[in-house]
Amino acid sequence: MSATALAPAKLNRFLAVLGRRADGFHELELVTTVLDGVPELTDILEAEPAEALSLAISGPTGEGLEADESNLVVRAWRLLEAAARRPLPAALRLVKRIPHGAGLGGGSSDAAAALRLGNGLFGLGLDDAELLDLAARLGSDVPLFLLGGTVLGLGRGERVFPLRPVPLEPLLLAHPGLHVPTPNVYCALPEVGYPSPAPLGSLPEGAAPPWRNDLTDAAIRVCPPLAEVREALRGTGGEPLLCGSGSCWAAHYASSSARDAARIALRAARPDWSLWAV
Ligand code: C5P
């Protein structure tokens, strides 16, 4: 008997850095939407009871990823074993489609999928609060994937609250394949000046949050070529927003046809970039 869980990507639509905390993390306010229904940006995790725990990684973006104890899927499984106080031997197969280091939350989503999958497959009976607690220990972005939909994140991002669905405008995601380490981006914040610590005011029901990411200048300081991607997207009429700490950008367009035309133009101009319409 095997079980499967989907691990979609996420899009931060609003990311405010409110300050640096004594523990070194940053106090954030985030509005994030989980990108359900985009197969080319969705990982797949399959689990089957076996004699020992193993993880095999395949898929278009799986190359070079470690399948050892450092992998977030294995770390999630080990936390489940600790909570269950018994081994949960299983053969795990992860098909990777979400690019690594893009700011799309691939590793975090895989970890959340592993928590749900193991809990169900082995009938552990952990409730939502227990799973959210394990998720927060794995990383700031893991809990939001357990909720899905559109989520308000507070604290370092791990305190999550479901929001009403807010539709997304036609989007083009552009991934230049650059690698921007998240800790370096947070470390660069003082160099570019902390953005003004203005949290999100209350929004009218169903209204979209402002398109804002306070990590943008710091990410460009760490990796200057990121700015070229922003300019290229602007050149096609899009309004770009950096995804998390990069290196993917999401641009929204006035219509799907404007977005599709932008995709065609950018595909010709930058064949080395990966592009997804959402
Ligand atoms: O929690 P996560 O493992 O995703 O965080 C990666 C790194 O990003 C942290 O080690 C920290 O340097 C930085 N970070 C931060 N403030 C946050 C989230 C992450 O400084 N709210």
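The values are calculated or read from the model by the stated rules, or taken from the named source; none is laboratory data. Model, not experiment: these values are computed from the prediction. FYI the Cβ positions are ideal-geometry reconstructions off the backbone, even for glycines, and counts take in every protein chain you see.
How about region 151-165: which of its residues are more than 10 Å from the ligand (Cβ to nearest atom) and of a type outside the set (A, V, I, L, M)?
Of everything in region 151-165, those that are more than 10 Å from the ligand (Cβ to nearest atom) and of a type outside the set (A, V, I, L, M) turn out to be Arg159, Phe161, Pro162, Arg164, Pro165.
Suppose we filter Leu134, Leu104, Leu146 for residues that are in a loop (DSSP other than H, G, I, E, B), within 16 Å of the ligand (Cβ to nearest atom) and touching a helix residue (DSSP H, G or I) at 6+ places or on another chain (Cβ under 8 Å); which single one remains? Full working, then the answer.
Values: Leu134 fails: in a loop (DSSP other than H, G, I, E, B); Leu146 fails: in a loop (DSSP other than H, G, I, E, B).
One residue alone meets the criteria, Leu104.
Considering only residues of region 1-55 that are of a type in the set (D, E, K, R) and touching a Lys or Arg at 6+ places or on another chain (Cβ under 9 Å), which is farthest from Gly155 (Cα to Cα)? Steps first, please.
Restricting attention to region 1-55, the residues satisfying the condition of being of a type in the set (D, E, K, R) are 10, 13, 20-21, 23, 27, 29, 36, 40, 43, 46, 48, 51.
Then drop every residue that is not touching a Lys or Arg at 6+ places or on another chain (Cβ under 9 Å), which leaves 13, 21, 23, 27, 40, 43, 46, 48.
Working: Arg13: 17, Arg21: 10, Asp23: 12, Glu27: 5, Glu40: 31, Asp43: 27, Glu46: 31, Glu48: 35 Å.
Per the criteria, the residue is Glu48.
Give me the residue from region 10-23 that is in contact with a Phe, Trp or Tyr (Cβ under 9 Å, 6 or more places away or on another chain) and within 19 Å of Ser108 (Cβ to Cβ) and, out of that set, nearest to the ligand (Cβ to nearest atom).
Only one residue tops the list, namely Val17.
Would you be able to say whether some residue in region 185-202 is touching a Ser or Thr at 6+ places or on another chain (Cβ under 7 Å) and either hydroxyl-bearing (Ser, Thr, Tyr) or surrounded by fewer than 16 Cβ atoms within 10 Å (Cβ to Cβ) (or both)? Full working, then the answer.
From region 185-202, those touching a Ser or Thr at 6+ places or on another chain (Cβ under 7 Å) are 185; that's our starting set.
Now restrict to residues that are either hydroxyl-bearing (Ser, Thr, Tyr) or surrounded by fewer than 16 Cβ atoms within 10 Å (Cβ to Cβ) (or both): none.
Checked against the condition, which is being touching a Ser or Thr at 6+ places or on another chain (Cβ under 7 Å) and either hydroxyl-bearing (Ser, Thr, Tyr) or surrounded by fewer than 16 Cβ atoms within 10 Å (Cβ to Cβ) (or both), region 185-202 yields no hits at all.
Residues that are of a type in the set (Val, Ile, Thr) and under 16 Å from the mean Cα position of the chain (by Cα): which strands (runs of 3 or more DSSP E) entirely in region 1-87 hold 3 or more of them? Full working, then the answer.
Values: elements: 3-8, 10-20, 26-34, 42-49, 54-58.
Filter on region 1-87 gives 26-34.
Name every residue in region 78-135 that is surrounded by fewer than 18 Cβ atoms within 10 Å (Cβ to Cβ) and among the acidic types (Asp, Glu), in order of residue number.
If the condition is that a residue be surrounded by fewer than 18 Cβ atoms within 10 Å (Cβ to Cβ) and among the acidic types (Asp, Glu), then Glu81, Asp127, Asp128, Glu130, Asp133 are the ones that fit.
Just to be sure I understand, how many residues within region 1-35 are at pLDDT below 95 and closer than 30 Å to Leu121 by Cα?
Qualifying residue count for the region: 2.
Residues to consider are Arg13, Arg97, Arg93; find the one that is touching a Gly at 6+ places or on another chain (Cβ under 6 Å) and either of a type in the set (S, T, N, Q) or closer than 26 Å to Ser274 by Cβ (or both).
Numbers: Arg13 fails: touching a Gly at 6+ places or on another chain (Cβ under 6 Å); Arg93 fails: touching a Gly at 6+ places or on another chain (Cβ under 6 Å).
The unique qualifying residue is Arg97.
Count, please, the residues in region 234-255 that happen to be assigned to a helix (DSSP H, G or I) and within 16 Å of the ligand (Cβ to nearest atom). Explain how you work it out, then say what you get.
Quick first cut of region 234-255, residues assigned to a helix (DSSP H, G or I) only: 234-235.
Now narrow it down to the ones that are within 16 Å of the ligand (Cβ to nearest atom): none.
The number of residues fulfilling the criteria is 0.
Using beta carbons and a limit of 7 Å, which pairs, at least six apart or on different chains, have the first residue in region 213-234 and without any contact (Cβ under 8 Å) to a residue 12 or more places away in the chain and the second one β-branched (Val, Ile, Thr)?
Here the result reads Ala227/Ile220, each pair linking region 213-234 to a residue that is β-branched (Val, Ile, Thr).
Would you check which residues across region 183-233 are at pLDDT 95 or above, within 15 Å of the ligand (Cβ to nearest atom) and of a type in the set (Val, Ile, Thr) and list them?
Passing the criteria: Val185, Val222.
Just the residues that are among the small types (Gly, Ala, Ser) and in a loop (DSSP other than H, G, I, E, B), please, taken from region 169-220.
Applying the first criterion (among the small types (Gly, Ala, Ser)) to region 169-220 yields 174, 177, 188, 193, 196, 198, 201-202, 206-208, 218-219.
Correct list: Gly177, Gly193, Ser196, Ala198, Gly201, Ser202, Gly206, Ala207, Ala208.
Given the conditions (1) touching a residue at least 40 places away in the same chain (Cβ under 8 Å); (2) surrounded by 20 or more Cβ atoms within 10 Å (Cβ to Cβ), report the number of the one that Pro181 does not fulfil.
In the conditions (1) touching a residue at least 40 places away in the same chain (Cβ under 8 Å); (2) surrounded by 20 or more Cβ atoms within 10 Å (Cβ to Cβ), Pro181 misses (2) alone.
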